[in-house]
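Below: the structure, in structure tokens.
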Amino acid sequence: MKKILYLLACTSLLAACGAETQDSQNEAAHSHDMAKMYKNDQYALKDNEGLQPLTFPKVLQPTTSDGENVAYTLIAQKGTMIFMDGIKSETYGYNGDFLGPTIRLKKGQHVAITLKNDLDEPTTFHWHGLEVAGDVADGGPHHTIKAGQTTTIHFTVNQDAATLWYHPHPMGSTAKQVYKGLAGLMYIEDSYSENLDLPNNYGKNDLPLILQDRTFIDGKIQYEDVANTMSTLGDTVMINGKVNPKLTVAKEKIRLRILNGSNALTYQLQFNNHMKFQLLATDGGFLNTATQMKKLSLSPGERAEILVDLSAVKNSTITLMNGDTKLLPIDLTGEQHVASTSSNQLNDRIIDENLRHKTPDKTITMEGTMNKLVLNGQSFDDKRIDFKQKQGVTEVWEIENAISDEGAMAHPFHIHGTQFAVLSVDGQEPPANLQGLKDTILVQPNQKIRIAVHFKEKGLYMFHCHILEHEDAGMMGQIKVD
Ligand code: C2O
Ligand code: CU
Ligand code: CU
């Protein structure tokens, strides 16, 4: 009876758990008695014991490149991985068994990526945060590549330096495919970011951390065994695909590029010694000024770049925590690299103040409870265009997370093909961590967030909740940009 792990996402705030899930009819009948309201600690993450070295995704090498024109090949394939105790799990990966290589692009480059689907099921290749044409390159659910098929997409990188990511987006099976291992990082650099005095030695002092939670049953990950329509949560953290990893660095400045690649879990990041760190960048790129903080929340789909100055730490270890749980033990006896001085001035974006007082052009009300996962009262329909917007025109969107009779939970709201600015949170100026460009933002129950949205390209784009189970269940809409 494996469905016993129907861990419900009733953690969040006012969530009320009915007994219905939105699986197939059979599943619904089955899960009816399984569905229970679990308390937080019953699926809380376990401490990471730091048993093996953390590794970093390889950087994808182009198949051809003259600097300005680059071509890559990315293959979605089946694999097997041993995560623990010598036990094999069946997994998916890009160009490998689990997760994918880091794709490093530069602003202005003309990129061709050949996409091959070597799975036994349809998939898509979505570039989360990339501002590319909706009908050609975005890789939303309309761009299905059938099993065995190959296609090539083309785009020009037309945005500033940022840490983006890629993952599949096939209707109804995004959550499963990501859980099995399909996800990777995409870095954009520009001439400005390359000259900032920040740690930039990939895998040495500029370190990607892909955070994902999983539940192992008999040593294996298998989505079907643990899937929960409300939110699939795990008890074990995996970083860059490793369980119990330990990072070794020197007592120097390090830059962490953190991706929340979890299906549903929001992390509360801090260090065990409560030391300050600097937030450098969010989803869409650098903040105007580096911001000191001690705690950072990161919801599914979001990224953050932080600068951690370890030079004054007295102990020989420090731990990155998720709340009170050990997420990543860090050994400080590693090899020293070239020190950076790092400036605080990172960017010079300005927001048009008039937008803050403008009446919203679009309102989206999210409702997500056990019986209902909808946007503006409607479930996703690929035949329905929910909104239209003109290319290059900035509109104000108001995103609200409504509390219904059945409660509510926090939802990370994401839009394809754009990096938006946050205008206000409940009428107030957004906090420092929301002052940079974003493509995903966590909206708490009863909260209203206004954002300034513009699309550089045309086409059909998705907007949705980035809890992958909610997205699969239809908490998604489409906007046509022309
Ligand atoms: Cu990362 Cu449509 O999402
Ligand atoms: Cu996306
Ligand atoms: Cu949601």
- [ ] Could you size up the charge dipole of the chain around its Cα centre, putting +1 on the beta carbon of Lys and Arg and -1 on that of Asp and Glu, and report it in debye to the nearest 20?
- [x] 640 debye
- [ ] Calculate the spin-label point distance for residue 324 paired with residue 403, positioning each point 7 Å from the Cα along the beta-carbon direction, and give it in nanometres.
- [x] 2.6 nm
Open item on the list: Counting only helical runs of four or more DSSP H residues, what would the 222 nm mean residue ellipticity of the chain come to if each run contributes -39,500 (n - 2.57) and the total is spread over all its residues?
Closed with: -1500 deg cm²/dmol
- [ ] Enumerate the amide H contacts of residue 263 below 5 Å, restricted to partners 5 or more residues apart or on another chain; note that Pro and chain-start residues carry no placed amide H.
- [x] 213
TODO: Enumerate the calculated ³J(HN,Hα) couplings along segment 422-429 in order (Karplus 6.51 cos²θ - 1.76 cosθ + 1.60, θ = phi - 60°), each rounded to whole Hz, writing x wherever the residue is Gly or Pro.
DONE: 8, 8, 7, 10, 6, x, 9, 4
Task: By average C-beta atoms within 10 angstrom, highest first, the peptides 380-390, 318-328, 253-263 - done: 253-263, 318-328, 380-390
- [ ] May I ask which residue of 201, 114, 216 lies farthest towards the positive end of the charge dipole of segment 105-221, with charges of +1 (Lys, Arg) and -1 (Asp, Glu) on Cβ and the Cα centre as origin?
- [x] 216
Task: Placed amide H near residue 210: partners under 5 Å, 5+ positions off or other chain - done: 240, 259
Open item on the list: List the residues, sorted by chain then number, that are 5 or more residues from residue 228 or on another chain and whose placed amide H is less than 5 Å from its amide H.
Closed with: none
Open item on the list: Rounded, prolate or oblate, given the Cα gyration tensor of the chain, with a/c below 1.5 counting as rounded?
Closed with: rounded
- [ ] Using a 10 Å cut-off on Cβ atoms, rank the peptides 182-194, 359-371 from the highest mean neighbour count down.
- [x] 182-194, 359-371
Task: Cross-link pairs 107/480; 372/438; 242/276 - those with Cα-Cα distance over 32 Å - done: none
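Laboratory data are not the source of any read-out in this text; all were calculated from the coordinates shown. Since this is a predicted model, take the numbers as computed values, not measurements. Positions of Cβ are generated from backbone atoms using ideal geometry, with glycine treated the same way; all protein chains shown enter the neighbour counts.
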